[in-house]
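To start, the structure itself, in structure tokens.
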Amino acid sequence: MTTATLSAFPTRFCMTEPNRHTEPAPADSPREAGAGAASEDLSTNLMLQVRQGSIQAFEQLVEMHQSAIIGTVTRMLGNVDDAHDIAQQVFLRVWKSAPRYEPTAKFTTWLYTITRNLVFNETRRRSRRREVSLEPESEDDQPRQIASHSTPGPDEQAQQDELERALDRAIAALPEKQRLAVVLRRHQEVPYEQLCDILGMSLPAVKRLLFRARNELRKSLEAYLEG
């Protein structure tokens, strides 16, 4: 990369707050399927412009996808600062790979595959150094909660916050592939077929992976669910 290109590459991304309460919409509703296809088409067209050296197209791609990447990595690593660092590496790799980019798959599949590789490398590095913690180091490291439209009472809100923290800890305790599958499916609404490509697994294998992950989460949250 040239000096000019390096200076154009964003050195820090604006952290947006992932909505932890957003559940996947009904499968393949026509409106959302159309919107998703339009977004994929736009991303692919922008990436083809990036392949030609367009910094403006690259900046638009970053703006479109940084929230999803930072939110995913935050939930995988449990640390906002680390998520920003990994996200920067993800988009730097997108830029460096642009000359070889071919739209043979969805852009988001390619983007999440890059994210998977970097996140798994980081979790393994932490494991080797025995730095992995199943709980975030501080309240600021946890994915922050978006306020809902309703206003629960203090007791109800406290219970909801406790359940959300317990869910974060339970997800963080899952093996890395299960954790990524749950995060992408629950928070980014990634379809099963796309998960297969991102994880490099068959559809039955992905469904078994998620089944085991949900069983583990159910066991971990049993006390809260019974309450």
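None of the figures in this text is laboratory data; all of them are computed from the coordinates on show. Treat the numbers as computed from the prediction; the structure is a model and nothing was measured. Note that we place each Cβ from the backbone using ideal geometry, even for glycine, and neighbour counts take in every protein chain shown.
Peptides 212-224, 182-194, 45-57 ranked from most to least packed, by the mean per-residue count of other Cβ atoms within 10 Å: 182-194, 45-57, 212-224. Placing R0 at 25 angstrom, the Cβ-Cβ distance between Leu163 and Arg214 gives a FRET efficiency of 0.95 after rounding to 0.05.
Seen from Ala205, the other residues with C-beta closer than 12 Å to its C-beta sum to a net charge of +4, counting Lys and Arg as +1 and Asp and Glu as -1. In segment 36-134, Cα pairs under 8 Å separated by at least six residues give a relative contact order of 31 percent.
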